[in-house]
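Working notes, structure below.
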Amino acid sequence: MERRRAPAANRRYRQRRFWDALYRQEGAEPREWLGGLSRFLPQLEAELRPGDRILVLGCGNSALSHDLHELGYTDVTSIDFSPACIAAMRACYARCPGLRWAVMDIRALAFPDATFDVVLEKGTLDVLMVEETDPWDVSPQAAAAMHRVLAEVSRVLRPGGCFISITFAQPHFRKPHYAQEAFGWSLRHAACGDGDAGAFHYFLYVMRKGQPLDAPDLALGRRLHQPPPPPAPPPPPAPPDNDEDYLLAIQL
């Protein structure tokens, strides 16, 4: 069966020129996907320690890196593939020497192995899925792109370090990607929100390097690589038309 196509407008979110144009217009004026640090600070502080070396993936013009710095986490490296974004953020936060900024592709991190204690992303990995139309049946291309990024994250994490992912993606859609034995980490998640009955929830996933996956998560991860089930057989042909068939249909 041919895959449905995502709206053409979705493709722009994967294009550098779209983000460059946006950041040239907005500069470092904060734009917070999924909300600011205060929305998930209790969950995040439970995973962070003073002195941690932190990498923020796809920082955009979020104030997250600066807010972490103000809380005492002063060793923060932030990357984005948009040169306009990084130039604006570097200029805005020049007074914070512990904040480092670099233009970089999350699929090819230019850091040595085991560099960071914490890798953090907020909505960045969702961009890899913007052209998908069925979250139950992700295309091989999107699954491969996600795997490539996560393999890089695992590579630059120190033993005992953690990867924290904050996203709207629900566990039954996102956990299969994270629950890959090759990454060498455990996996857990928590639902977060503002407590408003009408508000959307988002999810915070924590992957701890050097700890094993639980058996149910292992099974989820293996299912990602299984071929989709074959399509259902077509229905049997209708019986020949008969003038008196309607009598059977109305069960006289």
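General remarks:
- Projected label points at Ala190 and Ala142, each 7 Å from Cα along the beta carbon direction, are separated by 2.8 nanometres.
- FRET efficiency, 1/(1 + (r/R0)^6) with R0 35 Å, evaluated for Gln25 and Ala215 via beta carbons: 0.10
- Solvent exposure of the range 57-195 as accessible area per residue, Å², 1.4 Å probe: 38
- With a cut-off of 10 Å between beta carbons, the residues surrounding Gly221 carry a summed charge of +1, where Lys and Arg count +1 and Asp and Glu -1.
- Neighbourhood net charge (13 Å Cβ-Cβ; Lys/Arg +1, Asp/Glu -1) for Arg155: +2
- Whole-percent carbon and sulfur share, accessible surface of the range 104-176, 1.4 Å: 58
- Per-pair calculated FRET efficiency, R0 = 35 Å: Arg95 and Glu181 via Cβ, rounded to 0.05: 0.20
- At an R0 of 22 angstrom, the distance between the Cβ atoms of Arg158 and Asp67 translates into a FRET efficiency of 0.40.
- Compactness relative to 2.2 N^0.38 Å, alpha carbon Rg of the range 75-231: 1.12
- Distances between placed amide hydrogens fall under 5 Å for Thr74 paired with Gly51, all partners being 5 or more residues away or on another chain.
- Shape call, the range 128-210: gyration tensor on alpha carbons, a/c limit 1.5: oblate
The values are calculated or read from the model by the stated rules, or taken from the named source; none is laboratory data. As the structure is a prediction and not an experimental result, all values here were calculated from the model. Counting neighbours? That spans all protein chains shown, and the Cβs are built from the backbone with ideal geometry, glycine included. For accessibility, only protein heavy atoms count, side chains too; no ligands or nucleic acids. Shrake-Rupley method; radii C 1.70, N 1.55, O 1.52, S 1.80 Å.
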